[in-house]
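The structure appears right after this line, and notes come after that.
The values are calculated or read from the model by the stated rules, or taken from the named source; none is laboratory data. What you see is a predicted model; the values in this text were computed from it and never measured. In this analysis, Cβ positions are derived from the backbone assuming ideal geometry, glycine residues included, and neighbour counts consider all displayed protein chains. Note: areas computed on protein heavy atoms with side chains; ligands, DNA, RNA excluded. Shrake-Rupley method; radii C 1.70, N 1.55, O 1.52, S 1.80 Å.
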Amino acid sequence: MKVRKLLSVAMVLLAMASMAYATGQKEAVPAGDAKVIVLRLAETHPADYPTTLGDMKFAELVKERSGGRIVIEVYPGSQLGQEKAVIEQVQFGAIDFTRVSISPLAAFVPVFNALQLPYLYRSEDHMWKVLLGPIGKELFASLEPSGFVGIGWFEPGARNFYNSKRPVSKPSDLAGLKIRVQESELMVGMVQGLGAVATPMPYGEVYSGLQTGVIDGAENNWPSYESTSHFEVAKYYTVDEHTRVPEIIIGSKISLSKLSQADQDLIKQAAIDAIPYQRKLWAEREKASEAKVKAGGSIVTVIADKGPWQAAMQAVYDKQPPAVQYLVKRIGEVQ
Ligand code: BDP
């Protein structure tokens, strides 16, 4: 009896220790004198996805430049949760970094909506000039009061609609279809403007939603449409390129404030230096994904005249508060 009681106490202690180990920042003492700082980064995409490989490049540069003192462990495949829940955990320091789409982040810091409006950027290049210029820096600063630190940006590609019901070549073809959107008010408004029924849900639930008919469609870039196998259950893909929703790496202010300024700067620089690598992999994967879904039976409709699409989505601009309207104007002026 006594032994059993001791054993169960030991098991509880062990479980508590492993829970403590699993949350937040931790420090391990290596063979030498220097302490290794181990930080965790949450990623929704699988390990072989270009954005995850970009995270890994970032982690590799941090490790190398800190002489092995700072280790960022990348947890792919939503192991640490879906994006909205992960962002909350970053806010209170239980997760140190995450790479997310700015769409759910804008629910926490609404001025980010300025970066995800439909047909906002003239091109991929225009978007990158905005992200890496003064506007990107100001937006990073706007994260701090909410407990986040802006670390870096990654290429998101252009997003397109897809569904399981019919080919879509004009906005009215979407009428009445239940379309999954990211957990973002702006995206709900955008899809409603098209006459479709917007259904916000986490990324990880979209496949079963399509399969069971809870939703008829969704929207995403070529690599996401392919890597999630959504193309197998929603074969009509319409290249309307309605949004480019930047990917961002954010850090937890609580976690980062425990590091020296020099280490914080080293981390930020490493993320910026990882961008070209992710962009290169992204461009390759976009082509490979397009080829794969086409070979898999997707029926692709390319929209030549985006005018009617742009007009149908214009209403979301009018709903934006002055701070966003002001940024939109400035974004338009970036050459
Ligand atoms: C992908 C983004 C990912 C989002 C997902 C979504 O890379 O961060 O979670 O879209 O639609 O393109 O939720």
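Dimensions of the chain from C-alpha coordinates, computed as largest minus smallest value along each principal axis and given longest first, are 70, 53, 36 Å.
Within a straight-line Cα-Cα reach of under 14 Å, Lys292 can be paired with the following aspartates and glutamates, leaving aside sequence neighbours fewer than 8 residues apart in one chain: Glu226, Glu232, Glu284. Using Cβ point charges alone (K and R +1, D and E -1), the dipole size of the chain about the Cα centre works out to roughly 540 debye.
Measuring between alpha carbons in the structure, the pairs from Lys84/Lys268; Lys129/Lys294; Lys35/Lys84 lying more than 25 angstrom apart are Lys129/Lys294; Lys35/Lys84.
Taking Cα atoms only, the orientation of helix 261-295 departs from the longest principal axis of the chain by about 40 degrees. The angle between the Cα long axis of helix 50-65 and the main principal axis of the chain comes to about 30°, on a 0 to 90 degree scale. Computed with a 1.4 Å probe over protein heavy atoms only, the accessible area of Lys235 comes to about 90 Å².
With the full set of protein chains in place, find how many percent of the accessible area of region 141-240 is carbon and sulfur; take the probe as 1.4 Å.
Carbon and sulfur: 50 percent of the exposed surface of region 141-240.
In the chain, helical runs assigned H by DSSP with n ≥ 4 each contribute -39500 (n - 2.57); averaged across all residues and rounded to the nearest 500, the mean residue ellipticity at 222 nm is -14000 deg cm²/dmol.
Axis angle, to the nearest 10 degrees, between helix 322-333 and the longest C-alpha principal axis of the chain: 70 degrees. Take every Cα pair under 8 Å whose residues are at least 6 apart in sequence, average their separation, divide by the length of the chain, and the relative contact order is 23 percent.
Write down the percent of antiparallel bridges among all DSSP beta bridges whose residues are both part of the chain, to the nearest 5. Kindly include the intermediate steps, with their values, before the conclusion.
On the way: 22 of 40 bridges.
For the chain, the DSSP antiparallel bridge percentage is about 55.
Among Thr228, Val206, Ile254, whose Cα lies farthest out toward the positive end of the dipole of region 199-259, if unit charges sit on the beta carbon of Lys, Arg (+1) and Asp, Glu (-1)? The one lying farthest along the dipole's positive direction is Ile254.
Among Gly189, Gly297, Gly54, which one shows the biggest mean-square fluctuation in a GNM of the chain, springs joining Cα atoms closer than 10 Å? Between Gly189, Gly297, Gly54, it is Gly297 that shows the largest mean-square fluctuation. The charge dipole of region 199-333, taken about its Cα centre with unit charges on the Cβ atoms of Lys, Arg (+1), Asp and Glu (-1) only, comes to about 280 debye.
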